[in-house]
1. Name, by its number, the condition in (1) in contact with a helix residue (DSSP H, G or I) (Cβ under 6 Å, 6 or more places away or on another chain); (2) under 22 Å from residue 174 (Cβ atoms); (3) surrounded by fewer than 17 Cβ atoms within 10 Å (Cβ to Cβ) that does not hold for residue 260.
2. Pull up region 69-105, narrow it to residues that are in a loop (DSSP other than H, G, I, E, B) and aliphatic (A, V, I, L, M), then point me to the one that is nearest to residue 244 (Cα to Cα).
3. Residues being in a loop (DSSP other than H, G, I, E, B) and either within 24 Å of residue 216 (Cβ to Cβ) or within 20 Å of the chain's Cα centre (by Cα) (or both): count how many of those fall in region 277-294.
4. Return the only residue of 274, 255, 268, 249 being within 21 Å of residue 60 (Cβ to Cβ) and within 22 Å of the chain's Cα centre (by Cα).
5. I'd like the full set of residues that are among the hydrophobic types (A, V, I, L, M, F, W, C) and part of a strand (DSSP E or B), limited to region 295-308.
6. Of everything in region 49-68 that's in contact with a Leu (Cβ under 8 Å, 6 or more places away or on another chain) and in a loop (DSSP other than H, G, I, E, B), which residue is nearest to residue 102 (Cα to Cα)?
7. How do the pairs read when you match residues in region 264-278 that are closer than 14 Å to residue 224 by Cα with residues anywhere that are crowded, with 19+ Cβ neighbours inside 10 Å and of a type in the set (Gly, Ala, Ser), using Cβ under 8 Å and keeping only pairs 6 or more apart or on different chains?
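Please treat every number below as a calculation from the coordinates, not as lab data. Owing to the predicted nature of the structure, the values given are computational and were not obtained by experimental measurement. Neighbour counts run over all protein chains shown; Cβ positions are idealised from the backbone, glycine included.
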Amino acid sequence: MLGIHLTPHLKKIAGKHRAIYNQFVPSDIEEKDVPVSNDDPLMEEHYTATRGLIHKYDNRALILLTMNCAAYCRFCTRRRKVSDVKNGIITESDLDKMVAYIKKHPQIKELIFSGGDPLTVPELLKKALQKFCRLPQIKVIRISTRLHVADPMKVNKKVIAALRVVKKQPLYLLVHFEHLAEITKPTIVAVKRLQKVSTMLLSQTVSLKGINDNVEILYSLFSRLVEIGIKPYYFFRCDPVKGAEHFIVDLKKEVAIVTELHKRLSGVAVPAYVVDTPEGFGKVPIPLNFWACKRVEYQDFKGQIIQL
């Protein structure tokens with residue numbers, strides 16, 4: 001069950017901004033039964049090759065070092081198991097099994113660390129990076145985090161030391177931002193620390209009803225991200241995960257918002273607008289209003305027809 005926890009930093013900004021409060025504090029609507037929702041819409045359990053390693057796409061693998069975060073987003077696609085303090089942390093034996101699996105699959109060239117937040121376990125992250133970066137087949141490392149928003153002071157020397165392990169491969173940090181109010185002075189300091197040890201910072205944003213389903217909010221967010229040296233990378237349609245259905249924005253509204261953003265933002269500030277295919281395969285681009293089309297169904301990367 002998704003845990004409830006607000007860091008002192010989040011308490012401060014959540015007290016001023018309802019858009020931050022609603023991302024992290026549960027509401028009764030989460031318990032509403034929605035038949036079409038799914039605990040695991042991205043089928044990660046199906047693609048789990050060994051504990052902590054998900055191999056869904058041929059040339060890359062997802063590594064989950066921990067199921068714990070500094071704070072818990074109510075729209076998390078891994079609501080089914082994040083905040084599992086007892087069983088949610090990978091062991092060194094698990095890491096060795098991952099290494100063995102990767103060696104048996106030489107097509108894996110890229111590793112993506114997610115979770116839980118891998119920066120919340122810097123010593124374990126350091127061990128993992130030491131093991132994986134030695135593998136000649138690994139050409140790219142990506143690490144996802146929201147620690148800079150939830151608890152920016154925890155982006156400390158231990159975290160930076162862990163990230164410095166990556167020397168031969170490019171290191172891309174995927175930093176999550178959903179609202180301009182998250183870009184505080186402490187967060188900017190944390191971002192600057194991360195920039196010193198990474199190849200590039202890319203942002204990921206989830207479309208959220210009542211949080212950022214507004215042209216001006218997203219325009220301000222993406223513009224500010226570029227100003228502090230972060231490239232807006234993905235703008236995701238919210239996953240239809242059980243308990244987070246109330247965050248899903250009407251598709252027509254969402255498309256209209258992103259269409260307007262394309263008119264107003266520079267190319268470097270516009271993220272790719274995609275749906276991470278529920279019970280399917282691939283992050284599929286969503287067509288905007290510049291094209292005349294009916295958005296009633298689409299094909300995933302394997303040709304499966306998905307109904308909207």
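1. (2)
2. Residue satisfying both the conditions and the ranking: 82.
3. 11
4. After applying the criteria, what remains is 274.
5. Residues satisfying the conditions are 305, 306.
6. 52
7. The qualifying pairs are 271/203.
Condition check ((1) assigned to a helix (DSSP H, G or I); (2) under 26 Å from residue 42 (Cβ atoms); (3) in contact with a strand residue (DSSP E or B) (Cβ under 7 Å, 6 or more places away or on another chain); (4) touching a residue at least 24 places away in the same chain (Cβ under 8 Å)) across all residues:
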{"residue": "201", "(1), (2), (3), (4)": "no, yes, yes, yes"}
{"residue": "210", "(1), (2), (3), (4)": "no, yes, no, yes"}
{"residue": "213", "(1), (2), (3), (4)": "no, yes, no, yes"}
{"residue": "220", "(1), (2), (3), (4)": "yes, no, no, yes"}
{"residue": "235", "(1), (2), (3), (4)": "no, yes, yes, yes"}
